[in-house]
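Notes follow once the structure below has been shown.
The values are calculated or read from the model by the stated rules, or taken from the named source; none is laboratory data. Quick caveat: nothing in here was measured; it's all calculated off a predicted structure. Note that each Cβ is placed from the backbone with ideal geometry, even for glycine, and that neighbours are counted across all protein chains shown. Ligands, DNA and RNA are excluded from the accessible area calculation, which covers all protein heavy atoms including side chains. Shrake-Rupley method; radii C 1.70, N 1.55, O 1.52, S 1.80 Å.
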Amino acid sequence: MRVAIVGGGYSGTIAAAAFARRGAEVTLVEKAERFAAGAAYSTSEPSHLLNVRARSMSALDEAPRHFRDWVEREGLGGGDTFVPRRDYRRYLAGIWEEALATGRVRALHGVAVAAAEGRLELADGTRIGLDRLVLAGGNYPSRLPLGLGVPPSRAVDDPWGPQGSERLRALAAQAGDLLLVGTGLTMVDVCLTLDEAGFTGRMIATSRRGLVPRRHVEAGDEPLPSPGPLPLRSLVREVRGTARRAPWRAAVDALRADSVAIWRGWSEPERRRFLRHLRPWWDVHRHRIAPPVASRIETMRREQRLEVIAGRISFAEEGAGGLGVSIRRRGGGEERVQVSAVVNCTGPEGDLSRVEDPLVRQLIASGQARPDPLRIGLDVDAQSRVLSSAGWASETLYALGPLTRGAFWEMVAVPDIRGQIERVAAAAY
Ligand SMILES: Cc1cc2nc3c(=O)[nH]c(=O)nc-3n(C[C@H](O)[C@H](O)[C@H](O)COP(=O)(O)OP(=O)(O)OC[C@H]3O[C@@H](n4cnc5c(N)ncnc54)[C@H](O)[C@@H]3O)c2cc1C
């Protein structure tokens with residue numbers, strides 16, 4: 001069986017290994033310089049730590065201690081350590097080398113642009129014959145909303161990309177404050193990058209609610225039993241009740257085992273209500289940051305190098321002293337700031353109509369795929385098979401990882417994706 005995989009981040013790399021183990025002939029296509037890295041693990045910044053403890057970060061579903069053992073062998077710590085993400089890249093590289101050594105995996109550097117009738121096409125004209133196609137395009141870069149009126153010369157749209165991080169370092173060397181749009185995990189990364197690069201100006205971060213990721217505690221709380229797949233309203237009541245009796249982290253983590261079942265049990269209106277009203281709270285409580293990272297962010301806030309404002313940007317205007325930005329505070333009042341640039345920290349783009357990836361566009365335009373109803377990814381069925389514009393599940397086309405959030409919600413981090421990879425490889429092979 002010939003399997004083509006588009007995307008050589010965590011999902012594509014581990015899927016390649018999983019299919020090769022079963023005997024498939026795998027071609028993995030990656031457009032970036034590096035294989036086995038992707039958006040999360042391309043960073044070389046030592047302060048960018050994993051936001052999950054080593055004991056939970058095994059890349060392989062069948063070997064839960066795989067990463068923890070590697071961490072111990074490398075002398076990086078133990079199961080409770082939050083390892084730098086660049087070290088996780090070294091770990092993934094080892095698995096990738098092993099997959100290549102089987103002789104059943106071929107690495108192709110290029111941009112996948114189109115798929116049809118048993119073949120995949122790359123931008124350079126290469127055609128790959130296939131029996132199965134696995135989409136693992138992952139975290140697509142987002143853009144600052146055009147309506148903000150930030151001129152391109154003052155915008156850093158993709159702080160994870162190689163150009164974006166270069167730009168951040170250049171900005172860090174200049175005088176002038178910076179505006180960060182978004183206050184989640186990307187903001188945390190950007191603050192650390194700027195700090196490491198010696199930035200001395202003020203970082204003003206804004207989002208509608210101004211919520212910042214919470215910290216992991218040093219030793220994890222005892223896990224509580226899951227309340228099971230309840231309707232949204234009952235679940236919120238249940239979690240609030242538990243959080244009054246037990247540490248809130250334990251109440252949130254109790255949902256982990258059943259998060260996919262909970263999401264799939266909700267109706268579309270319930271999912272929409274969750275996204276509209278609860279998502280920002282969920283994100284900061286569920287996707288927490290390592291204690292050393294949290295301490296650095298807290299220090300920056302205490303020293304007023306980082307200011308977090310809950311509000312909405314009402315306009316941005318180019319002036320003599322830089323870009324004048326007006327922020328309408330959530331509780332009322334207007335804040336006017338003068339900045340030298342605006343950094344997009346809104347996180348990956350889920351709405352595929354805004355994604356520039358040619359393959360995603362072609363698959364949707366040709367009716368082979370469609371966005372999910374919530375517009376946070378691609379529509380797939382319970383087996384991760386891509387649904388056509390008419391709603392038919394494909395026999396050959398699968399999707400993995402963050403692309404499948406609409407169907408599973410919590411399918412963004414390694415502990416969730418590794419199980420999906422195994423299920424897809426077992427079903428598709
Ligand atoms: C900054 C950041 C930090 C994170 N930290 C953690 C963490 O600590 N722990 C955790 O569990 N999860 C973390 N995550 C979640 C992350 O989504 C997963 O860990 C995992 O990396 C997802 O991998 P992926 O391969 O699905 O996506 P990606 O890593 O986004 O990889 C997709 C790849 O596909 C390639 N690609 C896309 N389209 C094409 C095309 N048309 N042709 C060729 N190549 C293409 C891209 O170049 C990219 O390399 C983090 C995510 C981000 C963004």
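The number of residues in the stretch 119-175 being among the β-branched types (Val, Ile, Thr) and not assigned by TED's automatic domain parsing to the domain that holds residue 378 comes to 2.
Taken together, the residues in the stretch 54-64 that are closer than 19 Å to residue 294 by Cβ and within 10 Å of the ligand (Cβ to nearest atom) amount to 2. Scanning the stretch 98-118 for residues that are surrounded by 14 or more Cβ atoms within 10 Å (Cβ to Cβ) and either more than 11 Å from residue 6 (Cα to Cα) or of a type in the set (Gly, Ala, Ser) (or both) yields 99, 100, 104, 105, 106, 107, 110, 112, 114, 115, 118. For the stretch 1-34, the set of residues classified as open to solvent by less than 10 Å² (accessible area, probe 1.4 Å), assigned to a helix (DSSP H, G or I) and not β-branched (Val, Ile, Thr) consists of 12, 15, 16, 18, 19, 20, listed by residue number.
Residues checked against (1) more than 22 Å from the chain's Cα centre (by Cα); (2) within 14 Å of the ligand (Cβ to nearest atom); (3) in a loop (DSSP other than H, G, I, E, B):
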{"site": "120", "(1), (2), (3)": "yes, yes, no"}
{"site": "124", "(1), (2), (3)": "yes, yes, yes"}
{"site": "134", "(1), (2), (3)": "no, yes, no"}
{"site": "137", "(1), (2), (3)": "no, yes, yes"}
{"site": "143", "(1), (2), (3)": "no, no, yes"}
{"site": "147", "(1), (2), (3)": "yes, no, no"}
{"site": "159", "(1), (2), (3)": "no, yes, yes"}
{"site": "164", "(1), (2), (3)": "no, yes, no"}
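Residues that are of a type in the set (Phe, Trp, Tyr) and under 18 Å from residue 217 (Cβ atoms) within the stretch 49-103 comprise just one, 82. If you check 67, 82 for being within 12 Å of the ligand (Cβ to nearest atom), open to solvent by less than 60 Å² (accessible area, probe 1.4 Å) and in a helix (DSSP H, G or I), only one passes: 67. Checked across the stretch 24-34, the condition of being free of Cβ contacts under 8 Å to residues at least 24 places away in the same chain, in the same structural domain as residue 414 (by TED's automatic domain parsing) and over 27 Å from residue 165 (Cβ atoms) holds for no residue. What are the residues in the stretch 277-303 that are more than 17 Å from residue 49 (Cα to Cα) and either modelled with pLDDT under 95 or surrounded by 13 or more Cβ atoms within 10 Å (Cβ to Cβ) (or both), if any? 277, 278, 279, 280, 281, 282, 283, 285, 300, 301, listed by residue number.
Based on what the data block shows, is residue 406 surrounded by 23 or more Cβ atoms within 10 Å (Cβ to Cβ) and modelled with pLDDT of 95 or more? No.
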